1. Put a dot 7 Å past each Cα toward the Cβ at Tyr194 and His210; how far apart are the dots in nm?
2. Please compute one quarter of the surface area of the Cα convex hull for segment 100-188 and express it in square nanometres.
3. Would you please give the residues with an amide H less than 5 Å from that of Leu220, counting only those at least 5 places away or on a separate chain, with H modeled from the backbone geometry?
4. What is the calculated FRET efficiency for Arg36 to Gln201, with r their C-beta to C-beta distance and R₀ = 35 Å, to the nearest 0.05?
5. Compute the distance in nm between two label points, each set 7 Å from the Cα along the Cα-to-Cβ direction, one at Ser262 and one at Asp48.
6. Tell me which residues come under 5 Å, amide H to amide H, from Arg137 once H is placed; ignore anything under 5 positions away on its chain.
7. In terms of the ratio Rg/(2.2 N^0.38 Å) built on C-alpha atoms, what value belongs to the chain?
8. Can you work out ³J(HN,Hα) from phi for every residue in segment 41-53, in order, using Karplus 6.51 cos²θ - 1.76 cosθ + 1.60 and θ = phi - 60°, giving whole Hz and x for Gly and Pro?
Amino acid sequence: MKCSARLIALTFTAAIVLVLALVPAAAQSHTVSLVRDVDYVANADYADGKDRLDIYVPDGARNAPVIFSIHGGALEAGDRHEERFVGQRFAGAGYVTVVISYRLSPDVSHPAHIQDVAAAFAWVTRNIARQGGDPNRILVIGHSAGAYLAMLLGADPRWLAAHKLSPRAIAGVAPVSGFYWVDREGVAPDRPAYVWGTNRQVWVDASPAHYLRPDIPPVLLLDTDGDEAWRQRQKAEFADALRAAGHKDVTVYKVRGRTHMSVWTEMNDGEREETSSQILRFAKRLFAAP
C-alpha cells in the first residue's frame, strides 16, 4: 500500500544520500550525491521498483538545470540501476540528473511505458526543486527505446496532459539512436506483439512522427554509423519531417565509430567522447548554464 503524500515527501527528504566517486574527466567538476529509489507513482506499487527514479545531485546545486534520462532495452529490458554512468556524467557537469525506471513488456504493453515516463516527468516538475533543480529547465534524453519514449513525450501532448502539463514543460529533447515510426521496418512489424500489439493503427498512433508541428521543443537527434541501416534512415527522415512541419530548432549529429550500445554506454570515455559532449553543448545552448 502506498504512503500518504506527506509521508512520501518525508521519505523523499530522508532518502539515503550517497557520495559517488566520479570518473576523472575535465568536464566532471562536481562532486555528486545520489538520492535513491524515489517513488514517482502514487497509490500503486510496481514489481521490481519500476515506479522509482534516482536523482544525481551536483554539489552546490541551486536552481540548476535538469537532465531527465530514459534507458533503452527494446521496452523489454533495462533499469535505472544500469545507468549510473549517465547520472555521473551529467551531474558531474553540473546538471541535476534524473534516471528513471518504467514498466516493461511483456508485463505491460503500449501505452504503459509512455504513461510511466509521463508520470515520472510530472513528478520531477513538482519535486525537483527540493534537490536544487529548476523545474522550468528540463532536458529529456534517452537511448534506443528510451529515445523513442523521449521523443513521444515531447511530440504527443496526450501523455503529459494526463498530468495537467504539456510538452511546453520540456526545454528540449535529445534522442540517441532512437526510432520515430513504430509502424515501419525494424520496429513493431519485426518485434513481439506484446509490445505494441498487432493493430497497425495503434502502431501509427504510437509513433512520434505522426505528431509533428512547429512548437515541439528543440530537438537534438543523435545516432552512430554503427546503428542498423533502418535506424539511421529513420533519424534522417525524422529530421526532414520535423523541418517540413515548420520546426525551426532541429540539430542532427552522427557519432562515428561507435556501436548501437557504445554510443550511449561509453559516455564517460574521456574528454573526446561525443555523445555526452553534444548533449551538454545542446543543454548549454538551451539553458545558457551552468
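Here, each number is a calculation from the coordinates, and none is a lab measurement. This is a predicted model, so every value here is computed, not measured. Reconstructed Cβ throughout: ideal geometry from the backbone, glycine too, with neighbour counts over all protein chains shown.
1. For His210 paired with Tyr194, the spin-label model returns 2.4 nm.
2. 5.9 nm²
3. Val173, Ala174, Thr251
4. Approximately 0.30, to the nearest 0.05.
5. 2.7 nm
6. Under 5 Å from the amide H of Arg137: Val66.
7. Numbers: Rg = 17.7 Å, N = 290, 2.2 N^0.38 = 19.0 Å.
Here the Cα radius of gyration is 0.93 times the empirical estimate.
8. Coupling constants for segment 41-53: 10, 7, 6, 7, 10, 8, 4, 6, x, 6, 9, 10, 9 Hz.
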